[in-house]
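**Student:** Structure in structure tokens, see below.
Throughout, read-outs are computed from the coordinates displayed, never taken from laboratory work. Fair warning: this is a prediction, and the values are worked out from it, not measured in the lab. Every residue, glycine among them, receives a Cβ derived from its backbone with ideal geometry; neighbour counts consider all protein chains shown.
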Amino acid sequence: DTEVTQTPKHLVMGMTNKKSLKCEQHMGHRAMYWYKQKAKKPPELMFVYSYEKLSINESVPSRFSPECPNSSLLNLHLHALQPEDSALYLCASSQAGYLSSYNEQFFGPGTRLTVL
Amino acid sequence: AQTVTQSQPEMSVQEAETVTLSCTYDTSESDYYLFWYKQPPSRQMILVIRQEAYKQQNATENRFSVNFQKAAKSFSLKISDSQLGDAAMYFCAYRSVEGGSEKLVFGKGTKLTVNP
């Protein structure tokens, strides 16, 4: 199984809503990532979890709150978002530690988020 | 900090022909990894090919091959016998080999159109 799944596929929310994005993988990867991707742009790294601990936070606003409940799951909690946060949110996973550099990141299909 | 440059925002190729996508990067490191990722209109990003900087031999995966010029810091992707399914955004990416370095540095991407 070389699949990263993400739910929901599409999400529309108001600026006062609270919602969560979910990501799951069963490849035994211990590094998981959240990216934000605007149309026709490359993915921008938001967070990295390594062995279920937050290892990288790319100065993301606190209205985005990541969570890694276990080695297979990654959540992104959303609260009080702005319209400019509308984007495709991609989850990825890979080997962690010294293996992470060589091994590819497997990407999920993404969640298309629209903030009204 | 490392940077990756893709100087061709868009390219087109006739079906069955060959096309080369260019990528240059800047780094002070002597060892690293380079990747080409493909993102079709369905938006799921997949790995096309990877190259270890310490290997002089250019990587090849079926119809996809790279021309890796370490001194020139160039990493171009050649697609032979282009197929309609090759139409996608192609991102060149750099990854450090430093322990625990999970960050991928992406170029801005090249949109490839394949004409029947």
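**Student:** How large is the convex hull of the C-alpha atoms of the range B:3-115 per residue, in Å³?
**Tutor:** 96 Å³
**Student:** Looking only at the range B:3-115, where both bridge partners belong to it, what percent of the DSSP beta bridges are antiparallel (to the nearest 5)?
**Tutor:** On the way: 35 of 40 bridges.
Taking every DSSP beta bridge with both residues in the range B:3-115, the antiparallel ones total about 90 percent.
**Student:** What FRET efficiency comes out for the pair A:Arg63/B:Glu29, r = Cβ-Cβ distance, R0 = 35 Å, nearest 0.05? Walk me through the numbers before you get to the answer.
**Tutor:** Working: r = 35 Å, r/R0 = 0.99.
So, using R0 = 35 Å, E works out to roughly 0.50.
**Student:** Placing +1 at every Lys and Arg Cβ and -1 at every Asp and Glu Cβ, with all other atoms neutral, what dipole size does the protein assembly as shown have around its Cα centre, in debye to the nearest 20?
**Tutor:** Using only the charged Cβ atoms, the result is roughly 500 debye.
**Student:** A further question on this structure: How many nm is it between the label spots at B:Leu84 and A:Arg112, if each spot is 7 Å from the Cα in line with the beta carbon?
**Tutor:** 2.2 nm
**Student:** Quote to one decimal, in nm, the extra length available between A:Ser72 and A:Lys22 on full extension: 0.36 nm per residue of separation minus the C-alpha distance between them.
**Tutor:** Numbers: separation 50, 0.36 × 50 = 18.00 nm, distance 1.07 nm.
Working it through step by step, the gained length comes to 16.9 nm.
**Student:** While we're here: Quick one: work out Rg over Rh on the C-alpha atoms of the protein assembly as shown, Rh as Kirkwood radius. Before the final figure, lay out the partial values.
**Tutor:** Working: Rg = 17.8 Å, Rh = 18.3 Å.
Ratio of gyration radius to Kirkwood radius: 0.97.
**Student:** Compute the length gained on full extension between B:Gln14 and B:Asn58: take 0.36 nm times their separation in residues and subtract their Cα-Cα distance, giving the result in nm to one decimal. Working shown, then result.
**Tutor:** On the way: separation 44, 0.36 × 44 = 15.84 nm, distance 2.48 nm.
In short, 13.4 nm is gained.
**Student:** Which value results for Rg/Rh of the range A:35-86 when Rg is the Cα radius of gyration and Rh the Kirkwood radius based on the inverse mean 1/r? Show your work: numbers first, answer last.
**Tutor:** Values: Rg = 11.8 Å, Rh = 12.1 Å.
On the Cα set of the range A:35-86, Rg over Rh gives 0.98.
**Student:** Could you list, bin by bin from short to long, the percent of Cα-Cα pairs of chain A in 5 Å steps?
**Tutor:** Final binned percentages: 2, 12, 24, 26, 19, 10, 4, 1, 0.
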